[in-house]
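Participant: Got a structure for you, written out below as structure tokens; questions coming shortly.
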Amino acid sequence: MSIGERLRTLRNTLNLSQDDFGKRLGVSNTAISKLEKSERNLTEQMLLSICREFRVDYFWLTDGKGEMF
């Protein structure tokens with residue numbers, strides 16, 4: 001599973017639309033869509049923001065290791 005797929009899994013688990021997910025991170029729904037499709041790379045800053053905002057495990061998000069939360 002790619003990081004984009006894990007991002008989509010996280011968003012769906014939280015029952016959030018791309019728009020709502022993006023608003024909590026300060027980015028557009030288009031940006032979330034591109035991240036989920038791996039059309040845009042996640043920056044380290046965005047990774048940390050996602051982990052902090054949604055309390056997700058960094059290593060799960062980046063490498064798929066361990067538990068989501």
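Participant: What size of dipole, in debye to the nearest 20, comes out for the chain about its Cα centre when the only charges are +1 on Lys and Arg C-beta atoms and -1 on Asp and Glu C-beta atoms?
Facilitator: 100
Participant: Something else: Rank by packing, highest mean first: peptides 48-58, 3-13, with packing defined as the count of other Cβ atoms within 10 Å averaged across residues.
Facilitator: The densest-packed peptide leads the list: 3-13, 48-58.
Participant: Is the shape of the chain best called rounded, prolate or oblate, per the rule: a/c under 1.5 gives rounded, else a/b larger than b/c gives prolate, else oblate, with a ≥ b ≥ c the square roots of the Cα gyration tensor eigenvalues?
Facilitator: rounded
Participant: To continue, here is another question. Per DSSP H run of n ≥ 4, the term is -39500 (n - 2.57); total these for the chain, divide by its residue number, and report the mean residue ellipticity at 222 nm rounded to 500 deg cm²/dmol.
Facilitator: Here the helix-only value at 222 nm equals -18000 deg cm²/dmol.
Participant: Straight-line reach only, C-alpha to C-alpha below 22 angstrom: list the lysines that residue 23 could link to, leaving out same-chain residues fewer than 8 apart.
Facilitator: Correct list for residue 23: 34, 37.
Participant: Further, regarding this structure: With every protein chain left in place, what is the accessible area per residue of segment 3-69 in square angstrom, probe 1.4 Å?
Facilitator: So segment 3-69 comes to 62 Å² accessible per residue, rounded to a whole number.
Participant: Per residue of segment 35-52, in order, report the coupling 6.51 cos²θ - 1.76 cosθ + 1.60 (Karplus, θ = phi - 60°) as ³J(HN,Hα) in whole Hz, putting x for Gly and Pro.
Facilitator: Once rounded to whole Hz, the list reads 5, 5, 8, 6, 7, 9, 7, 6, 7, 4, 4, 5, 4, 5, 5, 4, 4, 6.
Participant: For the chain, which whole-number percentage of the solvent-accessible area (1.4 Å probe, protein heavy atoms only) is attributable to carbon and sulfur atoms?
Facilitator: The nonpolar share, carbon plus sulfur, comes to 44 percent.
The values are calculated or read from the model by the stated rules, or taken from the named source; none is laboratory data. What you see is a predicted model; the values in this text were computed from it and never measured. Glycine gets a Cβ as well: all are built from the backbone with ideal geometry, and neighbour counts include every protein chain shown. Each accessible area value is taken on the protein alone, full model and side chains, heavy atoms only, with ligands, DNA and RNA left out. Shrake-Rupley method; radii C 1.70, N 1.55, O 1.52, S 1.80 Å.
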